[in-house]
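Quick notes on the structure that follows.
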Amino acid sequence: QVEPVESGGGLVQRGGSLRLSCAASESILKFYAMGWYRQAPGKQRELVARITRGGSTNYAGSAKGRFTISRDNAKKTVYLQMNSLNPEDTAVYYCNADLGNGDYWGQGTQVTVSS
C-alpha cells in the first residue's frame, strides 16, 4: 500500500485538542512534501498545513497559532497537533504525500468539534 493512512480523528468539544497521525509505508523523506488538507461538507478541500522534505512548514491562516505539523522520520509518520479547536474545524482531514510529480492521498479521518 502506497497511500498514507490517517488516524486520530474523533469528536471533541470546542477548545479541545486532537493529534492526527499520518503513517507512510516508506520513508517520508522520499516525498517532496507531506501535508494535511481538510474538506468540510459542501466545501472544497483546502490546505491546512504542509511540511517539506527540508523541514519548512506552511499553514493556512485559520491554522496558524493553533495547529502544528511535525514528523518523525524513523516512524515514517507526520503529525498534526490541533489545539483550541472550534466547530469551524469540523471536516474530514486528509494526508497528502507529494512526490513532486504525483501524489498520494489517504482515506481521511473525521474530526468533529461540538459547540
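The values are calculated or read from the model by the stated rules, or taken from the named source; none is laboratory data. Everything numeric in this text was worked out from a predicted model, so none of it was measured. Reconstructed Cβ throughout: ideal geometry from the backbone, glycine too, with neighbour counts over all protein chains shown. In case anyone asks, the SASA skips ligands and DNA or RNA and just uses the protein heavy atoms, side chains included. Shrake-Rupley method; radii C 1.70, N 1.55, O 1.52, S 1.80 Å.
Quick rundown of the values:
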item	result
Every pair of residues 6+ apart whose Cβ atoms lie under 8 Å, when the first sits in segment 63-77 and is farther than 17 Å from residue 33 by Cα while the second is outside any strand (DSSP E or B) and open to solvent by 50 Å² or more (accessible area, probe 1.4 Å)	66/83; 66/84; 67/83
Evaluation of residue 73 against (1) at pLDDT 95 or above; (2) touching a helix residue (DSSP H, G or I) at 6+ places or on another chain (Cβ under 9 Å) (one fails), failing number	(1)
Filtered residues of segment 96-114 (kept if open to solvent by 30 Å² or more (accessible area, probe 1.4 Å), outside any strand (DSSP E or B) and at pLDDT 95 or above)	107
Residue identified as among the aromatic types (Phe, Trp, Tyr), in contact with a Ser or Thr (Cβ under 9 Å, 6 or more places away or on another chain), open to solvent by 50 Å² or more (accessible area, probe 1.4 Å) and closer than 25 Å to residue 25 by Cα among 93, 59	59
Of residues in segment 1-48 being under 17 Å from residue 83 (Cα atoms), touching a Lys or Arg at 6+ places or on another chain (Cβ under 6 Å) and part of a strand (DSSP E or B), the one least open to solvent (accessible area, probe 1.4 Å)	48
